[in-house]
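To start, the structure itself, in structure tokens.
The values are calculated or read from the model by the stated rules, or taken from the named source; none is laboratory data. None of the values given here were measured: they were computed from a predicted structure. Cβ coordinates were reconstructed from backbone atoms using ideal geometry, including for glycine residues, and neighbour counts include every protein chain displayed.
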Amino acid sequence: MATFHLDRNCIYTVDGAPAPDAFERDRPFALCGAKHGGVPVTVIVDPASPQTDGLSVTDFCNGHLLLSLSPPSLPDPYAKPLQCECAGSKRHLVTLRRAENAPLTVETDGEYHALTCPLAAKEATASCARVGGGDLIRVTAVGEKTFCAVLFFCGDYAPLLALTADKIEFCDKEIVATDFVGGMLDSTIVRRFSFRNGAFCETSREFSHRSRHRYPDGLIGRLYLEKLFYRDPERSALISPLCRADVDGTIGAFERVFDDDFCGCRRGVFCLADGLNGYCRARRVSFAVKDGLIEDVCVLP
């Protein structure tokens, strides 16, 4: 018998009935999820093998599994697509639907390029500059966040950058992206991108923190994981000189942190998931902390 939990990113039903936050099943069941006003998505979940297309599963390896569906949002049928244009050697027309993960197209006579805009845009702008015998095209879409795409046109379209942030600014020859990530330190991250060797690359990453109070030892591991996820170089200040473990190497790559494995993780233990798509197993990481500094870290069996 497995216990299933639902990631409340939409409204769920199980076998046609409103879904509780947690339920047990030992036989296949129909899981249906929909966003408000969106198209419902239904999958059949087999407790013996819960992997199926369109369903994200995080297995905590203790009989508890977290399920998540990502049904699409419907665009407003009465809303016209956003359109804007710019001109260089050619006139470039940009078209964008007003829905999350909608196609964004850039086209000119005889050439066409499509990419996905991850946010539901309320406005879009485009600009063009002549660079090296071609057109450097910048498309910006603004919704709850800001999405920026940069392409180079010289007979056809070549994508150079696709970037989403809370705020994006264009300063001289740089693109500056600001994210207000919050978290335990109420952090702000400023990333700078420059065009080098035919591509945009991140040239710097600056952190600022509004909260700098002392945390109890039981939360130092959580704080370190937050800093590691956003690649904050200041995280090294949380490691004791006595620590002989390769902290980052032991932790490894992860995309999500869980403070609970639904069985009550003990103090100083956190669950990490390697990905958010498809099927992944959570692993437990334990921190040994004394006087605010990490003395050891290990992955629990």
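Picking from residues in region 224-241 that are outside any helix (DSSP H, G or I) and modelled with pLDDT of 95 or more, the one that is surrounded by the fewest Cβ atoms within 10 Å (Cβ to Cβ) is P241.
Quick check on my filter: what residues within region 271-301 are among the hydroxyl-bearing types (S, T, Y) and surrounded by fewer than 13 Cβ atoms within 10 Å (Cβ to Cβ)?
Looking only at region 271-301, we keep the residues that are among the hydroxyl-bearing types (S, T, Y), and these are 279, 286.
If the condition is that a residue be among the hydroxyl-bearing types (S, T, Y) and surrounded by fewer than 13 Cβ atoms within 10 Å (Cβ to Cβ), then no residue fits.
For C84, the test of being at positive phi and among the hydrophobic types (A, V, I, L, M, F, W, C) is failed. Among the conditions (1) over 21 Å from A165 (Cα atoms); (2) more than 19 Å from the chain's Cα centre (by Cα), L185 misses just one, which is (1). Residues that are free of Cβ contacts under 8 Å to residues at least 60 places away in the same chain, surrounded by fewer than 12 Cβ atoms within 10 Å (Cβ to Cβ) and not in a loop (DSSP other than H, G, I, E, B) are absent from region 259-270.
Can you tell me which of G54, G132 is small (G, A, S), at pLDDT below 95 and either farther than 30 Å from F195 by Cβ or touching an Asp or Glu at 6+ places or on another chain (Cβ under 8 Å) (or both)? Walk me through it before giving the result.
Numbers: G132 fails: either farther than 30 Å from F195 by Cβ or touching an Asp or Glu at 6+ places or on another chain (Cβ under 8 Å) (or both).
None of the other options fit; the residue is G54.
One residue stands out in region 271-294 among those that are assigned to a loop (DSSP other than H, G, I, E, B) and not aliphatic (A, V, I, L, M): the one that is modelled with the lowest pLDDT, namely N277.
Within region 118-176, track down each residue that is small (G, A, S), surrounded by fewer than 16 Cβ atoms within 10 Å (Cβ to Cβ) and under 26 Å from the mean Cα position of the chain (by Cα).
Correct list: A158 only.
Against the numbered list (1) over 19 Å from the mean Cα position of the chain (by Cα); (2) free of Cβ contacts under 8 Å to residues at least 24 places away in the same chain, G221 comes up short only at (2). Restricted to region 188-223, and to residues that are assigned to a loop (DSSP other than H, G, I, E, B) and of a type in the set (S, T, Y), which residue is farthest from L161 (Cα to Cα)? Checked region 188-223; the qualifying residue farthest from L161 (Cα to Cα) is Y215. Look through F180, F152 and report the one residue that is over 22 Å from R196 (Cβ atoms), in contact with a strand residue (DSSP E or B) (Cβ under 6 Å, 6 or more places away or on another chain) and among the aromatic types (F, W, Y). Answer to the check: F180. Going through (1) modelled with pLDDT of 95 or more; (2) aliphatic (A, V, I, L, M); (3) closer than 30 Å to E24 by Cβ one by one, V41 falls short only on (1).
Could you tell me whether K145 is farther than 23 Å from E100 by Cβ and either modelled with pLDDT of 95 or more or assigned by TED's automatic domain parsing to the domain that holds E202 (or both)?
Numbers: farther than 23 Å from E100 by Cβ: no; either modelled with pLDDT of 95 or more or assigned by TED's automatic domain parsing to the domain that holds E202 (or both): yes.
It is false that K145 is farther than 23 Å from E100 by Cβ and either modelled with pLDDT of 95 or more or assigned by TED's automatic domain parsing to the domain that holds E202 (or both).
Could you check, for region 14-26, whether at least one of its residues is under 22 Å from the mean Cα position of the chain (by Cα) and either surrounded by 18 or more Cβ atoms within 10 Å (Cβ to Cβ) or farther than 23 Å from F258 by Cα (or both)?
Here is the first cut: in region 14-26, the ones under 22 Å from the mean Cα position of the chain (by Cα) are none.
So far as region 14-26 goes, no, none of its residues is under 22 Å from the mean Cα position of the chain (by Cα) and either surrounded by 18 or more Cβ atoms within 10 Å (Cβ to Cβ) or farther than 23 Å from F258 by Cα (or both).
Number of residues in region 28-65 that are assigned to a loop (DSSP other than H, G, I, E, B), within 22 Å of the chain's Cα centre (by Cα) and of a type outside the set (K, R) equals 7.
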